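Reading through the structure tokens given below for one structure.
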Amino acid sequence: MAMNGDTLLVRWYGTLATVAALLAAQAIVMPRWPAAPAPLPRQKLEEALRRQGLLPPGELPATPPAWPEKLSSEVSTSAPVVIPLPQGLELTLMAGTVRQRFNLQTAFIGRDRPALMLEDRREILTPVPSATGRIQGQAAIQTCMVRGRGLDRSFGVTREQLPPFTDRLASGWVAGLERLVGLQPNRIYGCTLISLKGTRGTPPSEELWDKVLQAVEPVLRSPV
């Protein structure tokens, strides 16, 4: 009888250990809830655009965000930063994180925001992987930037282009150990959506798009 009791106890602890290991693996590989993106630094972005000659001198009027941040089980987004540029152009930036690796793409991150929903999409590769099309009837261009240590020009729009950048951040036994002991968060699939729209019907040129990206990229890569 004692032998049977010991056997049941061993099986019970073995089951508990297996369940705990599976839950720990799930927490490391696939978080249950996308992390809330940090607010974007509007003032620093405006200053960077001025240095590139894309904004005139002087402070822009303070305006409330066009919509609030969003937290959900599939995608979480920051409140947007919307900056009017000369010649009727409008620059919108919004950070987003998703739960599933294959959802890391601009179309999914901006899917609930009409001001970011790109129609008649066409992918281009210069100056960085981007998508052109129309937003609410106006010509627009978009890309998404993955930020992180060791990344450079980490732009993309599709599930094939963006996730490899996040994989590079999460690779290596050191990164895995840091996540396990809590020094790093669970793997995050996220990027900052950058959208430039010609609100008066003027399509953004490739040169202007490159200039905008050169201005905002260092700001987005710097610590918040």
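Table: residues versus (1) under 18 Å from the mean Cα position of the chain (by Cα); (2) at pLDDT 90 or above.
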{"position": "Arg42", "(1), (2)": "yes, yes"}
{"position": "Gly53", "(1), (2)": "no, yes"}
{"position": "Pro57", "(1), (2)": "no, no"}
{"position": "Ser73", "(1), (2)": "yes, no"}
{"position": "Ser78", "(1), (2)": "yes, yes"}
{"position": "Leu85", "(1), (2)": "no, yes"}
{"position": "Gly88", "(1), (2)": "no, no"}
{"position": "Phe102", "(1), (2)": "yes, yes"}
{"position": "Thr106", "(1), (2)": "yes, yes"}
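Looking across region 202-224, the residues that are surrounded by fewer than 21 Cβ atoms within 10 Å (Cβ to Cβ) and in a helix (DSSP H, G or I) come down to Glu206, Glu207, Leu208, Asp210, Lys211, Leu213, Gln214, Glu217, Pro218, Val219, Arg221.
For region 102-111, enumerate the residues that are more than 24 Å from Trp209 (Cα to Cα) and surrounded by fewer than 16 Cβ atoms within 10 Å (Cβ to Cβ). Show your work before the answer.
Let us first name the residues in region 102-111 that are more than 24 Å from Trp209 (Cα to Cα), namely 102-103.
The answer is Phe102, and nothing else.
Within region 54-83, residues that are assigned by TED's automatic domain parsing to the domain that holds Ala38 sit with their Cβ atoms under 8 Å from residues that are surrounded by fewer than 12 Cβ atoms within 10 Å (Cβ to Cβ) and not basic (Lys, Arg), at 6+ positions apart or across chains, in these pairs: Leu54/Pro86; Leu55/Pro86; Pro56/Pro86; Ser78/Ala38; Ala79/Pro68; Val82/Thr63. The set of residues in region 123-134 that are part of a strand (DSSP E or B) and touching an Asp or Glu at 6+ places or on another chain (Cβ under 7 Å) comprises Ala131, Gly133, Arg134. Give me a count of the residues in region 179-201 that are under 29 Å from Pro114 (Cβ atoms) and either outside any loop (DSSP other than H, G, I, E, B) or at pLDDT below 70 (or both). Matching residues across region 179-201 total 12.
For (1) among the β-branched types (Val, Ile, Thr); (2) touching a Pro at 6+ places or on another chain (Cβ under 7 Å); (3) closer than 20 Å to Ala115 by Cα; (4) not in a loop (DSSP other than H, G, I, E, B), each residue gets a yes or a no:
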position: Pro37; (1), (2), (3), (4): no, no, yes, no
position: Leu40; (1), (2), (3), (4): no, no, yes, no
position: Glu47; (1), (2), (3), (4): no, no, no, yes
position: Leu54; (1), (2), (3), (4): no, no, no, no
position: Thr63; (1), (2), (3), (4): yes, no, yes, no
position: Ser72; (1), (2), (3), (4): no, no, yes, no
position: Thr92; (1), (2), (3), (4): yes, yes, yes, yes
position: Thr97; (1), (2), (3), (4): yes, yes, yes, yes
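Take the residues in region 57-78 that are out of contact with any Phe, Trp or Tyr (no Cβ under 7 Å at 6 or more places or on another chain) and among the aliphatic types (A, V, I, L, M); name whichever of them is farthest from Thr199 (Cα to Cα). Within region 57-78, the match that is farthest from Thr199 (Cα to Cα) is Leu71. Taking the criterion of being of a type outside the set (A, V, I, L, M) and either assigned to a helix (DSSP H, G or I) or touching a residue at least 40 places away in the same chain (Cβ under 8 Å) (or both), the residues of region 101-122 that qualify are Arg101, Phe102, Asn103, Gln105, Thr106, Phe108, Gly110, Asp112, Arg113, Pro114. In region 164-178 there is no residue matching the filter, namely being polar (S, T, N, Q), under 15 Å from the mean Cα position of the chain (by Cα) and at pLDDT 95 or above.
Within region 145-168, the set of residues being in contact with a Pro (Cβ under 9 Å, 6 or more places away or on another chain) and assigned to a strand (DSSP E or B) comprises Phe155, Gly156.
The values are calculated or read from the model by the stated rules, or taken from the named source; none is laboratory data. What you are looking at is a predicted structure, and each value in this text was computed from that prediction instead of being measured. Cβ coordinates were reconstructed from backbone atoms using ideal geometry, including for glycine residues, and neighbour counts include every protein chain displayed.
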